[in-house]
Amino acid sequence: MSTSTPEQNPVRSMNDRVGSWTRDVIDRASANRGTGRMIGALVIAFAIFAFLNPRVFLNPINLQNIMVAAPEIGVIAIAMMLAMLTGGIDLSLVAIANLSAITISTLFTAVAAQDPQLAEALGVPLVLVGVLVGVLCGLLNAVLITVVGITPILATLGTMQILNGIAIVWTGGSTLYGAPSAFTDFGRVALGPVPALFLVFVLIAVLIAVIVNRTPLGRKIQLEGANPVAAKYSGIRSRRVLMSTYILGGALAGLAGVLFLSRNPTASADYGASYVLLVIVIAVLGGTNPTGGFASVAGVVLATLTLQIVSSGFTALRLSSYEYAIAQGIILIVVMIVDQFSWRRRRRGARVPDPAAEHAPAP
């Protein structure tokens, strides 16, 4: 029987630690942290506004409007979740979505001026163009972060400013009108009471959940965010993982631009100006660890719906957008306080010694 040499022991010990740590991170990620609390928050928010103004809030049209408005915010929030899962952040996502919508509207208008029928037939190619714009912007972020070495918050802050500036110069600060009728028709389609846009949102969420929890790329993203040093010892190529993450996030933002136009066939440089902070709030509320390592796609979907319900409820009660902003902050702080108390309780429970183990006879 062979015995390991002293030189081999550190390597084996490191491998054992990395393996144990990897399993722990994956188990934590698969626990869907934040999902349970967001189900409770969603039910409470819905019940409160249904009680305060049932005639307006429970109107079927209002409930459909909630599901129509949620996807464009929710898709960007999922993209933000991916960036935060690596321990980074992407402040440029809303600017990417706007640039995608502006590009599509401009191309459609230019073609329609020459051949309206051809412009209407370009629905699918224009969707691909919108996603491609997002991919290229995501690639720019990825290069700045992984190749140049700029921290994500500064890199994406810079690209956000650049893209916003391009959008303002491009549009002259005015709103663009025009999109294929297929976009707007799709935005009005519903399967029973459920809008097609919301079904797209659910499908995107399911796809990202599968990528994060069931693929090698998703596990590498989680490991990279939880502990980059251990990820390096696991053989994970950090540059490639971050490249893939920010490109995927850019593609989702580009797709969100398509959703913008499907809901309302207009595009402008300042559309969704408040979305940047909102999607960060949604990602954190949904269970995303701001320092990276684990997240819950289901939690992000539920957080999106919860805040959309709160927004709709405030409108039904004729409260202002400023009061809604206050409510966002209160909800975030309350959830974080509950989260901290829960974490401390679990930590204290883990430190409580077992009296039986203390008095057990030594083997």
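The values are calculated or read from the model by the stated rules, or taken from the named source; none is laboratory data. None of these values were measured; they are calculated from a predicted model. Glycine gets a Cβ as well: all are built from the backbone with ideal geometry, and neighbour counts include every protein chain shown. For the accessible areas, the whole protein counts, side chains as well, though only heavy atoms, and no ligand, DNA or RNA atoms are used. Shrake-Rupley method; radii C 1.70, N 1.55, O 1.52, S 1.80 Å.
Among the residues of region 172-217 satisfying the criterion of being out of contact with any helix residue (DSSP H, G or I) (no Cβ under 6 Å at 6 or more places or on another chain) and in a loop (DSSP other than H, G, I, E, B), which is least open to solvent (accessible area, probe 1.4 Å)?
Across region 172-217, the extreme among qualifying residues is T215.
Of the residues V148, V169, V194, which is over 25 Å from S238 (Cβ atoms) and over 24 Å from the mean Cα position of the chain (by Cα)?
V169
Which condition breaks for S342 when tested against (1) under 27 Å from L223 (Cβ atoms); (2) modelled with pLDDT of 75 or more?
Against the list (1) under 27 Å from L223 (Cβ atoms); (2) modelled with pLDDT of 75 or more, S342 comes up short only on (2).
So the check is Cβ under 7 Å with 6+ separation or different chains; which pairs have a first residue in region 266-280 that's open to solvent by less than 70 Å² (accessible area, probe 1.4 Å) and a second one that's assigned to a strand (DSSP E or B)?
Here the result reads T266/L176; T266/Y177; A267/L176; S268/L176, each pair linking region 266-280 to a residue that is assigned to a strand (DSSP E or B).
Taking the criterion of being out of contact with any helix residue (DSSP H, G or I) (no Cβ under 9 Å at 6 or more places or on another chain), more than 23 Å from A83 (Cα to Cα), among the hydroxyl-bearing types (S, T, Y) and touching a residue at least 12 places away in the same chain (Cβ under 8 Å), would at least one residue in region 164-171 satisfy it?
There is no residue in region 164-171 that is out of contact with any helix residue (DSSP H, G or I) (no Cβ under 9 Å at 6 or more places or on another chain), more than 23 Å from A83 (Cα to Cα), among the hydroxyl-bearing types (S, T, Y) and touching a residue at least 12 places away in the same chain (Cβ under 8 Å).
Do we have G250 as under 26 Å from P71 (Cα atoms) and in contact with a Cys (Cβ under 7 Å, 6 or more places away or on another chain) here?
The answer is yes for G250.
Would you check which residues across region 290-304 are surrounded by fewer than 22 Cβ atoms within 10 Å (Cβ to Cβ) and more than 13 Å from M80 (Cβ to Cβ) and list them?
The answer is T291, G293, A298.
Taking the conditions exactly as written (surrounded by fewer than 24 Cβ atoms within 10 Å (Cβ to Cβ), without any contact (Cβ under 8 Å) to a residue 12 or more places away in the chain and assigned to a helix (DSSP H, G or I)), does L118 satisfy them or not?
yes
State whether the residues of region 151-160 include one that is closer than 18 Å to P228 by Cβ, assigned to a helix (DSSP H, G or I) and open to solvent by less than 20 Å² (accessible area, probe 1.4 Å).
Within region 151-160, one or more residues are closer than 18 Å to P228 by Cβ, assigned to a helix (DSSP H, G or I) and open to solvent by less than 20 Å² (accessible area, probe 1.4 Å).
Yes/no per residue for (1) among the small types (G, A, S); (2) modelled with pLDDT of 95 or more:
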position	(1), (2)
A256	yes, yes
G272	yes, no
S296	yes, no
G299	yes, no
T306	no, no
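Scan S244, S320, S262, S238 and give me the residue that is at pLDDT 90 or above and either of a type in the set (A, V, I, L, M) or out of contact with any Ser or Thr (no Cβ under 7 Å at 6 or more places or on another chain) (or both).
Working: S320 fails: at pLDDT 90 or above; S262 fails: either of a type in the set (A, V, I, L, M) or out of contact with any Ser or Thr (no Cβ under 7 Å at 6 or more places or on another chain) (or both); S238 fails: at pLDDT 90 or above.
Testing whether each residue is at pLDDT 90 or above and either of a type in the set (A, V, I, L, M) or out of contact with any Ser or Thr (no Cβ under 7 Å at 6 or more places or on another chain) (or both) leaves just S244.
Go through region 65-104 residue by residue and tally those that are among the hydroxyl-bearing types (S, T, Y), crowded, with 24+ Cβ neighbours inside 10 Å and either in a helix (DSSP H, G or I) or within 12 Å of the chain's Cα centre (by Cα) (or both). Give the derivation first.
Let us first name the residues in region 65-104 that are among the hydroxyl-bearing types (S, T, Y), namely 86, 92, 100, 103.
Within this subset, residues satisfying the condition of being crowded, with 24+ Cβ neighbours inside 10 Å are 86, 92, 100.
If we keep only those that are either in a helix (DSSP H, G or I) or within 12 Å of the chain's Cα centre (by Cα) (or both) as well, we get 100.
Of the residues in region 65-104, 1 are among the hydroxyl-bearing types (S, T, Y), crowded, with 24+ Cβ neighbours inside 10 Å and either in a helix (DSSP H, G or I) or within 12 Å of the chain's Cα centre (by Cα) (or both).
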